[in-house]
Amino acid sequence: MLTIAVSKGRIFEEALPLLAAAGIRPVENPNTSRKLILATTRDDIRLVIIRAADVPTFVEYGAADLGIAGKDVLLEHDSAGLYEPLDLGIARCRLMIAAPIDRKLVEGRIRVATKYVKSTQNYFARKGRQVEVIKLYGSMELAPLVGLSDCIVDLVDTGNTLRANGLKPLELIENISSRLVVNKAAMKMKHAAIDELVRILEQEARNVRTQEN
């Protein structure tokens, strides 16, 4: 039995066609089912539905053999206990610095609001710039508008939310997409099954990219 950890929402929806190529379809709709462990059309594979931020933890500690997680989540997680064999190329967006349209970032120390604390600290450290990072869990765009921070670091897709709140993207920190991660022990003990699944997902992800281009 292989257990795959995935979160509801955009990542799950975009992962479904890739999983279907390997014959993996949930037998119940996760959006309507209250179950957190879902059987699939393959007797040897099940899905566990958890929060996106918890996917690498479940995989690292062996509660799941594999997981699908955004690179933003993996950057915040100490992923030393994980293999990351495949960029699935789905749920793509950008991790960016954004600030009010009518304001320039001041020189010297600034305050940055974000839930991506580690990525933010690492980015500004590479730039040799001192920042005070304020951790928030939501409504990031509000922070600079009420004087809580000078700017924010957040995921940007279309940029519509930024524009609606009078903000503009300034600097790209990282291009984000969803990755397949594998528990190191599972990779050894269930190598054949995992290797086959990785191969199928890699081929299907490549087909999707070819169609997009």
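The values are calculated or read from the model by the stated rules, or taken from the named source; none is laboratory data. Keep in mind that this is a model prediction, so the values were computed, not measured. FYI the Cβ positions are ideal-geometry reconstructions off the backbone, even for glycines, and counts take in every protein chain you see.
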**OP:** For the range 32-132, please list each of the strands (runs of 3 or more DSSP E) lying entirely inside it that holds at least 1 residues being at pLDDT 95 or above and in the same structural domain as Asn160 (by TED's automatic domain parsing).
**Re:** 93-100, 110-114
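Consider Ile152 carefully, then state whether it is assigned by TED's automatic domain parsing to the domain that holds Gly62 and either touching a Ser or Thr at 6+ places or on another chain (Cβ under 8 Å) or not in a strand (DSSP E or B) (or both). Please lay out each step first, then the result.
Numbers: assigned by TED's automatic domain parsing to the domain that holds Gly62: no; either touching a Ser or Thr at 6+ places or on another chain (Cβ under 8 Å) or not in a strand (DSSP E or B) (or both): yes.
Answer is no for this residue.
Could you run through the range 133-149 and say how many residues are in contact with a Ser or Thr (Cβ under 6 Å, 6 or more places away or on another chain) and assigned to a loop (DSSP other than H, G, I, E, B)? Let's see the steps before the verdict.
Let us first name the residues in the range 133-149 that are in contact with a Ser or Thr (Cβ under 6 Å, 6 or more places away or on another chain), namely 133-134, 143.
Narrowing the set further to residues that are assigned to a loop (DSSP other than H, G, I, E, B) leaves none.
Selection size over the range 133-149: 0.
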Original post:
Do any residues in the range 2-23 that are farther than 19 Å from Glu196 by Cβ have Cβ atoms under 7 Å from those of residues that are of a type in the set (S, T, N, Q) and crowded, with 16+ Cβ neighbours inside 10 Å, where the two are at least six apart or on different chains, and which pairs are they?
Top reply: Ile11/Ser178
Original post:
Looking at the range 3-31, which of the residues that are touching a helix residue (DSSP H, G or I) at 6+ places or on another chain (Cβ under 6 Å) and assigned to a loop (DSSP other than H, G, I, E, B) is surrounded by the most Cβ atoms within 10 Å (Cβ to Cβ)?
Top reply: Ser7
Original post:
Applying the selection to the range 155-186, what residues are within 20 Å of the chain's Cα centre (by Cα), under 23 Å from Glu84 (Cα atoms) and in a helix (DSSP H, G or I)?
Top reply: Lys184
Original post:
Applying the selection to the range 51-74, what residues are touching a residue at least 40 places away in the same chain (Cβ under 8 Å), surrounded by 19 or more Cβ atoms within 10 Å (Cβ to Cβ) and not small (Gly, Ala, Ser)?
Top reply: Val55, Pro56, Phe58, Val59, Glu60, Asp65, Leu66, Ile68, Lys71, Asp72, Leu74
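Which of the residues belonging to the range 131-159 are of a type outside the set (A, V, I, L, M, F, W, C) and either crowded, with 18+ Cβ neighbours inside 10 Å or touching a strand residue (DSSP E or B) at 6+ places or on another chain (Cβ under 8 Å) (or both)?
The initial filter retains those residues of the range 131-159 that are of a type outside the set (A, V, I, L, M, F, W, C), namely 132, 135, 137-139, 141, 144, 147, 149-150, 154, 157-159.
Those that are of a type outside the set (A, V, I, L, M, F, W, C) and either crowded, with 18+ Cβ neighbours inside 10 Å or touching a strand residue (DSSP E or B) at 6+ places or on another chain (Cβ under 8 Å) (or both): Glu132, Lys135, Glu141, Pro144, Ser149, Asp150, Asp154, Asp157, Gly159.
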Original post:
Scanning the range 78-106 for residues that are within 15 Å of the chain's Cα centre (by Cα) and small (Gly, Ala, Ser), which turns out surrounded by the most Cβ atoms within 10 Å (Cβ to Cβ)?
Top reply: Ala91
Original post:
Has the range 128-138 got any residue that is in contact (Cβ under 8 Å) with a residue 24 or more places away in the chain and of a type outside the set (Ser, Thr, Tyr)?
Top reply: no
Original post:
Which residues, counting only those in the range 174-213, are surrounded by fewer than 21 Cβ atoms within 10 Å (Cβ to Cβ) and within 24 Å of Asp54 (Cβ to Cβ)?
Top reply: Glu174, Asn175, Ser177, Lys184, Ala185, Ala186, Met187, Lys188, Met189, Lys190, Ala193, Val198
